[in-house]
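Input: a single structure, listed below in structure tokens.
The values are calculated or read from the model by the stated rules, or taken from the named source; none is laboratory data. As the structure is a computational prediction, the values presented were derived from the model and not from experiment. Cβ placement follows ideal geometry from the backbone for every residue including glycine, while neighbour counts extend to all protein chains displayed.
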């Protein structure tokens with residue numbers, strides 16, 4: 001069944017638009033109603049369900065190669081299904097226009113506020129943190145989440161510098177270097193970290209110029225961080241860092257074009273209490289191509 005079969009009312013207003021045609025090409029599975037076993041191949045599908053536990057769907061990511069899950073209980077289901085479809089079917093379009101696509105659900109007519117900084121060295125961390133502080137400014141909704149925002153910024157910054165760089169053979173250049181050490185990208189490469197703020201939403205992301213993500217390693221690492229509360233030696237803390245980001249957001253988007261670039265982005269709702277943030281049903285999307 002396709003997304004249109006599952007949610008005909010959600011996309012009725014689209015009529016015969018290209019977006020509706022895209023939805024008609026996306027196969028889905030309802031984890032609340034359909035049985036999944038070791039022989040089920042979920043590659044190329046979007047899983048949906050009501051309040052699916054994060055550990056449960058991550059296990060399916062590992063064992064059945066699922067790459068997209070959307071909670072039907074979230075407060076903006078059509079938008080999340082749209083984002084999942086773009087990530088699945090049009091990943092380069094997403095990578096080329098992340099700010100425009102992420103902001104596409106905002107119908108308030110107010111302009112989005114964008115913050116972004118380029119970096120290529122750990123020595124620029126202080127500048128990045130000072131800059132995001134200025135972006136948060138006196139905005140009450142972002143100030144309430146300022147600690148979570150800074151944690152996510154720190155993780156994205158460190159991940160881009162220490163985990164992403166690889167040599168021509170795919171070996172991670174800074175794999176065994178402590179994150180307190182000073183490192184700098186070789187050559188003239190730069191990464192970018194950004195935030196997009198609308199009335200009700202905040203997106204925080206980073207793009208690195210390496211495209212070195214291994215889809216299976218990422219899924220296993222973050223699954224272990226939830227299921228076993230630990231990370232394997234090969235993970236070097238990557239799973240815990242991703243868990244930390246997912247805990248503090250409602251959605252985590254992960255796209256990687258091999259050998260070229262990787263985008264990691266968190267979607268945070270601003271109109272939610274701090275006590276509820278970690279208990280919000282999570283969406284997770286990953287596409288390595």
Q: For region 16-49, name all the residues that are in contact (Cβ under 8 Å) with a residue 60 or more places away in the chain and assigned to a loop (DSSP other than H, G, I, E, B).
A: 25, 26
Q. What do you reckon, is residue 150 surrounded by fewer than 16 Cβ atoms within 10 Å (Cβ to Cβ), in a helix (DSSP H, G or I), in contact with a helix residue (DSSP H, G or I) (Cβ under 8 Å, 6 or more places away or on another chain) and without any contact (Cβ under 8 Å) to a residue 60 or more places away in the chain?
A. yes
Q. Among 200, 188, 180, 159, which is in contact with a helix residue (DSSP H, G or I) (Cβ under 7 Å, 6 or more places away or on another chain) and either surrounded by 20 or more Cβ atoms within 10 Å (Cβ to Cβ) or modelled with pLDDT under 95 (or both)?
A. 159
(Q) Looking only at region 42-55, filter to residues that are more than 15 Å from residue 88 (Cβ to Cβ) and buried (at least 16 other Cβ atoms within 10 Å of the Cβ); which one of those is nearest to the chain's Cα centre (by Cα)? (A) 54
Q. What about residue 211, is it modelled with pLDDT of 95 or more, surrounded by fewer than 21 Cβ atoms within 10 Å (Cβ to Cβ), over 18 Å from residue 68 (Cβ atoms) and in contact with a strand residue (DSSP E or B) (Cβ under 7 Å, 6 or more places away or on another chain)?
A. yes
Q. Which number in (1) touching a strand residue (DSSP E or B) at 6+ places or on another chain (Cβ under 6 Å); (2) buried (at least 18 other Cβ atoms within 10 Å of the Cβ); (3) not in a loop (DSSP other than H, G, I, E, B) marks the one condition that residue 66 misses?
A. (3)
(Q) Being over 16 Å from residue 206 (Cα atoms), in contact with a helix residue (DSSP H, G or I) (Cβ under 8 Å, 6 or more places away or on another chain), part of a loop (DSSP other than H, G, I, E, B) and at pLDDT below 95 is true for just one of 143, 74. Which residue is that? (A) 74
Q. Restricted to region 73-84, and to residues that are touching a strand residue (DSSP E or B) at 6+ places or on another chain (Cβ under 9 Å) and surrounded by 19 or more Cβ atoms within 10 Å (Cβ to Cβ), which residue is farthest from residue 216 (Cα to Cα)?
A. 74
Q | Failed item in (1) in a helix (DSSP H, G or I); (2) modelled with pLDDT of 90 or more; (3) out of contact with any helix residue (DSSP H, G or I) (no Cβ under 9 Å at 6 or more places or on another chain), with residue 100 passing the rest | A | (2)
Q) Taking residue 87, is it more than 21 Å from residue 216 (Cα to Cα), surrounded by 20 or more Cβ atoms within 10 Å (Cβ to Cβ) and in contact (Cβ under 8 Å) with a residue 60 or more places away in the chain? A) no
Q: State all residues of region 111-132 that are at pLDDT below 95 and more than 21 Å from the chain's Cα centre (by Cα); if no residue qualifies, say none.
A: 111
Q) Within the group 251, 256, 221, which residue is in contact with a helix residue (DSSP H, G or I) (Cβ under 6 Å, 6 or more places away or on another chain), farther than 16 Å from residue 154 by Cβ and crowded, with 22+ Cβ neighbours inside 10 Å? A) 221
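Take residue 62 and tell me if it is more than 26 Å from residue 201 (Cα to Cα), at pLDDT 90 or above and in contact with a helix residue (DSSP H, G or I) (Cβ under 6 Å, 6 or more places away or on another chain). Break it down stepwise before answering.
On the way: more than 26 Å from residue 201 (Cα to Cα): yes; at pLDDT 90 or above: yes; in contact with a helix residue (DSSP H, G or I) (Cβ under 6 Å, 6 or more places away or on another chain): yes.
Yes.
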Q. How many residues are over 13 Å from residue 85 (Cα atoms) and within 24 Å of the chain's Cα centre (by Cα) if we restrict to region 12-41?
A. 5
